[in-house]
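Input: a single structure, listed below in structure tokens.
The values are calculated or read from the model by the stated rules, or taken from the named source; none is laboratory data. Small disclaimer: the values here were computed from a predicted structure and weren't measured. For accessibility, only protein heavy atoms count, side chains too; no ligands or nucleic acids. Shrake-Rupley method; radii C 1.70, N 1.55, O 1.52, S 1.80 Å.
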Amino acid sequence: MSITINEFLDAEGNIRPELLDKEAQKIAGDLKDAKITTHQVRKFYDEVKHYKACLDKGVDYKRIKPLIVMLKSKAKYAATKNKKMNIFYEFIEKSIDKIKTEEKEIEKKKFDAFCLFFEAIYGFAELKNT
């Protein structure tokens, strides 16, 4: 199973509606099929929400960016400990790679879109509480 992550923004720099609907539902289904638990996803989701809150409070994106990028290594570590997390690692890895760009403001908009995308996935996933 392989996850495809499309661009978060359209040509005008707006979040694509299908990202938060059909594309989020597809990945949510993949996570559910892999039998990933709420707990396994929630710690990453909470971390992403924390970074978003820091940015909303005015923390410079340059200070948060390394922590966002580090999510990839944390997800890889989780996948190393539990093979069913490989699909989640793929989601995090490809999403973070889609965020990265040379333009700070566009990158921040992409991160904001990723936050909503992750929220939509988490909402659609119907993960078990184990």
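Listed values, structure above:
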item	result
Gain upon complete extension [Lys81, Asp97; 0.36 nm per residue less C-alpha separation]	3.5 nm
Residue-span extension gain [Lys32 to Leu67] - 0.36 nm each, minus C-alpha spacing	9.9 nm
Residue with peak Gaussian network fluctuation, the chain [Cα springs, cutoff 10 Å], from Ala113, Ala53, Ala11	Ala11
Violating pairs (Cα-Cα greater than 28 angstrom) within the set Lys22/Lys81; Lys35/Lys108; Lys83/Lys108; Lys76/Lys109; Lys57/Lys98	Lys22/Lys81; Lys35/Lys108; Lys83/Lys108
Heavy-atom surface of the chain, accessible at 1.4 Å and reported per residue (Å²)	56 Å²
Solvent-accessible area, 1.4 Å probe, carbon plus sulfur percent, for the range 37-130	53 percent
Largest-first principal axis extents of the Cα set of the range 79-125 (Å)	35, 23, 11
Correct option for volume of the Cα convex hull per residue in Å³ [calculated from the coordinates] among [x] 99; [y] 113; [z] 161	[x]
Contour minus Cα-Cα distance for Lys22 and Lys49 (0.36 nm per residue)	7.5 nm
For the range 63-75, Karplus couplings with θ = phi - 60° (6.51, -1.76, 1.60), whole Hz, Gly/Pro x	7, 8, 3, x, 6, 5, 4, 5, 4, 4, 5, 5, 5
